[in-house]
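Quick notes on the structure that follows.
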Amino acid sequence: MLKSKTIPLLGFLIVMSCGSQPSVNEKVPVTAKPKPTGFSPLSAREKAYYNNAIVPLYQSLLLKRGFNGSILLAKNGEIVFEDYHGLINFKTKEPITSTTPFHVASVSKTFTAAVILKLMEDGKLFLEDKVDKYLPSFPYKNITIKNLLTHRSGLPKYDHFMEGKTITQTVMVKNKKGKMVKRQVQVKAPVQVTGLPTNQDLLQYLITYHPPIESLPDHRFSYCNTNYAILALIIEKITNMPFPEYMANNVFKPLGMTSSFIFNIKDTASYVPSYNYNNAPFRLEKLDCIYGDKNVYTTVRDLLLWDRALYLGTFVSTRTLEAAYQPYSFEKRGERNYGLGWHLFIKPPEPTIVYHNGWWHGNNAVFKRLIADTATVIILGNKFNKNIWSAGKMSSVFTGHADTTHLDVETGGSN
């Protein structure tokens, strides 16, 4: 039976207007809106201005602080500065070039979220659908696709419980008055994982061991990689295609992202390590083959193609992207929030910053988008260097004033 492609989008927009939004008495923050279709071309003089302003910042913020990676800044979809510095493989001494792919860690979430939104536009899902509609064995109830996108599912973090790290568990205890109340305690998760688990292995772990939730669905924001690993499984279920294959055929190739791919268990033989600050390599570890939350390998130029597609609305519509750039967590006050696959920095009257940073092993990534200025900062590194995140402040060349923001890295922080 054919389904109208407009119904999920219409239903989504109705939900966005009626649920999980501020009340009429709350102050609604100024949020980002996609720019109109098309870019205004830059003059040679404008390009030279931006390049000359960026060079000294690049030298002071990165080159003098051990940067090993690639960088690109763009305005109106055009490159105004790029550079490639250092080695991708310290053992073979292979240099970094414009076609050298980097693991962009949690910047990968922007792709996973956009594919979910594309499937919604195509009539394949609703954001209010429960996860177990697509994954019937999923052991947690009343968690929606939207909860996963916004990190409001309450699910436990797989990078904690599958590593045997401390996890949060809710228990009932007696208080001083003898009344039973809920308390959160920290317990060490059992290590039950060997080898290189996949997303399907993660799902099976949840089914078998049922690690406790951190909170009820839609109760609070908690940045959690499990959410996006599960979203990748939903994409596989709906498309009947492995996530890496779907991304290659339906995202990377159509957009011309010829140096991009999803790292998965089939790629382990060709794994190239990232490096710690002391040049020690990060060997392949047991959580490295789970994707959706991470494992996009790409270049700064390919990310610019992704950036252009988002600005122009050629992958998902600008109307859908406007909803993706809205904040969905209001239980805590603050300038930082999360949309549908995007971190948001909201400080009216300044325009909202739409971004995602990343961190996995020695990989650092910055993907910072100044929607109001149609400008983008992309920085990728394979040798851990926390200065990469602060170097995102080079966006000041586009705004004309100093950037004093403190943006979230992959671990999310509070909104």
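Starting from the amide H of TYR328, placed 1.01 Å from N in the peptide plane, find each other amide H under 5 Å away whose residue is 5 or more places distant or on another chain.
Result for TYR328 returns TYR338.
By how many degrees, 0 to 90 and rounded to 10, does the Cα axis of helix 225-239 deviate from the longest principal axis of the chain?
90
Do any chymotrypsin sites (Phe, Trp or Tyr not before Pro) in segment 227-269 lie in a loop, going by DSSP, with at most 13 other beta-carbon atoms within 10 Å of their beta carbon, and if so which?
Details: sites: TYR228, TYR246, PHE252, PHE261, PHE263; in loops: PHE263.
Sites meeting the loop and neighbour criteria: none at all.
Give me the compactness ratio for segment 310-415, meaning the Cα radius of gyration over 2.2 N^0.38 Å. Could the numbers behind the result be given before it?
Working: Rg = 13.7 Å, N = 106, 2.2 N^0.38 = 12.9 Å.
It is 1.06.
When only DSSP loop residues count, what trypsin sites (Lys or Arg not before Pro) in segment 50-112 have their Cβ near at most 11 other Cβ atoms within 10 Å? Working shown, then result.
Numbers: sites: LYS64, ARG65, LYS75, LYS91, LYS93, LYS109; in loops: LYS91, LYS93.
Loop-located and lightly packed - LYS91, LYS93.
Suppose we look only past 36 Å in the calculated P(r) of the chain. What percent of the Cα-Cα pairs does that tail hold?
Numbers: 20496 of 85905 pairs.
Considering the chain, 24 percent of its Cα-Cα pairs are separated by more than 36 Å.
Averaging the inverse of every distinct alpha carbon separation and then flipping it gives the Kirkwood radius. What is it for segment 230-370, in angstrom units? Kindly include the intermediate steps, with their values, before the conclusion.
On the way: mean 1/r = 0.0585 Å⁻¹.
It is 17.1 Å.
Normalized C-alpha radius of gyration of segment 229-312, against 2.2 N^0.38 Å?
Values: Rg = 14.3 Å, N = 84, 2.2 N^0.38 = 11.8 Å.
Compactness ratio reported: 1.21.
Could you work out the helix-only [θ] at 222 nm for the chain, with each DSSP H run of four or more residues adding -39,500 (n - 2.57) and the total divided by the number of residues, to the nearest 500 deg cm²/dmol? Can you show the working numbers first?
On the way: 12 runs with 113 residues, N = 415.
Value at 222 nm, helices only, nearest 500: -8000 deg cm²/dmol.
Given 0.36 nm per residue, what is the gain on full extension from HIS85 to GLU163 after removing their alpha carbon distance, in nm? Don't jump to the answer; show the numbers that get you there.
Values: separation 78, 0.36 × 78 = 28.08 nm, distance 3.36 nm.
That pair, HIS85 and GLU163, stretches by 24.7 nm at full extension.
Binning at 5 Å from 0, report for segment 58-213 what percent of all alpha-carbon pair distances ends up in each bin.
Over segment 58-213, the share of Cα pairs per 5 Å bin runs 2, 7, 10, 12, 13, 11, 11, 12, 11, 6, 2, 2, 1, 0 percent.
Quick check: the angle from helix 108-121's long axis to the longest principal axis of the chain, C-alpha only, nearest 10 degrees?
70
Would you mind checking the tilt of helix 300-312 against the longest principal axis of the Cα atoms of the chain, expressed as 0 to 90 degrees and rounded to 10?
70
Give the calculated FRET efficiency between VAL185 and SER215 to the nearest 0.05, with a Förster radius of 22 Å applied to their Cβ-Cβ distance.
On the way: r = 14 Å, r/R0 = 0.64.
Working from the Cβ atoms, E equals 0.95.
Around TYR355, with a cut-off of 9 angstrom between Cβ atoms, what is the net charge of the other residues, counting Lys and Arg +1 and Asp and Glu -1? Mind showing how you got there, number by number?
Details: positive: LYS368, ARG369; negative: ASP408.
Once positives and negatives cancel, what remains is +1.
How high is the FRET efficiency between THR208 and ASN387 when r is their beta carbon distance and R₀ equals 41 Å, given to the nearest 0.05? Walk me through the numbers on the way to the answer.
Details: r = 42 Å, r/R0 = 1.02.
Approximately 0.45, to the nearest 0.05.
Could you pull the accessible area for ARG152 with a 1.4 Å probe, rounded to 10 Å²?
Taking all protein chains as shown, ARG152 has close to 20 Å².
Filter the GluC sites (Glu not before Pro) in segment 205-298 to those in DSSP coil with at most 14 other Cβ atoms within 10 Å of their Cβ, and list the result. Each step should come with its number before you reach the end.
Details: sites: GLU214, GLU236, GLU245, GLU285; in loops: GLU214, GLU285.
Sparse-neighbourhood loop GluC sites (Glu not before Pro): GLU285.
Roughly speaking, what is the stretch gain from GLU350 to ASN276, that is 0.36 nm per residue apart minus the C-alpha to C-alpha distance, in nm to one decimal?
On the way: separation 74, 0.36 × 74 = 26.64 nm, distance 3.59 nm.
Result: 23.0 nm gained on full extension.
With every protein chain kept in place and ligands, DNA and RNA left out, what is the accessible area per residue of segment 121-261? Probe 1.4 Å, answer in Å². Show your work: numbers first, answer last.
Details: 6630 Å² over 141 residues.
Roughly 47 Å² per residue, with all protein chains present.
For the chain, build the charge dipole from Cβ charges (+1 Lys, Arg; -1 Asp, Glu) around the Cα centre, then report which of ASN249, THR226, VAL115 sits farthest towards its positive end.
THR226
The values are calculated or read from the model by the stated rules, or taken from the named source; none is laboratory data. Because the structure is a prediction, the values reported are computed rather than measured. Neighbour counts are summed over all protein chains in view; Cβ atoms, including those assigned to glycine, are modelled from backbone coordinates with ideal geometry. Quick note on the areas: whole protein, heavy atoms, side chains included, nothing else; ligands and nucleic acids left out. Shrake-Rupley method; radii C 1.70, N 1.55, O 1.52, S 1.80 Å.
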